[in-house]
Amino acid sequence: MPLNRAHYADSLAQQLKKELPNTTKAKSSFLLSEFYLRTDTAKAEQYLQQGLVYSEGNSFMEAVSLYYKA
């Protein structure tokens, strides 16, 4: 886990607002889901679902999503 937790989460959230490839947004969403898993399960689930949407159509990212869904 990063030393500056707030900055880490904010940086990942900013990635989701930029014009970036869906694979980048999917990975950022999955990392945010993992980040919030122990402190805010509703937010973790929200980011997981968002990552799944960004992964659609990309077989590699769909496979990666299985790790985060587990």
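The values are calculated or read from the model by the stated rules, or taken from the named source; none is laboratory data. Predicted model, so just to flag it, every value in this text is computed and none were measured. Backbone-built Cβ (ideal geometry, glycine too); neighbour counts: all protein chains shown. Just the protein is used for accessible areas: all its heavy atoms, side chains included, with ligands, DNA and RNA removed. Shrake-Rupley method; radii C 1.70, N 1.55, O 1.52, S 1.80 Å.
Cβ-Cβ distances below 8 Å connect the following pairs, each with a first residue in the range 1-20 that is within 18 Å of TYR54 (Cα to Cα) and touching a residue at least 24 places away in the same chain (Cβ under 8 Å), a second residue that is open to solvent by less than 50 Å² (accessible area, probe 1.4 Å) and among the basic types (Lys, Arg), and a separation of six or more residues or different chains: LEU16/LYS25. The single condition from (1) within 26 Å of LEU3 (Cβ to Cβ); (2) modelled with pLDDT under 95; (3) not aliphatic (A, V, I, L, M) that SER28 fails is (2).
Taking the range 2-44 only, how many residues are of a type in the set (D, E, K, R) and within 19 Å of LEU66 (Cβ to Cβ)? Steps first, answer last, please.
Applying the first criterion (of a type in the set (D, E, K, R)) to the range 2-44 yields 5, 10, 17-19, 25, 27, 34, 38, 40, 43.
Next, only the ones that are within 19 Å of LEU66 (Cβ to Cβ) stay: 25, 27, 34.
Selection size over the range 2-44: 3.
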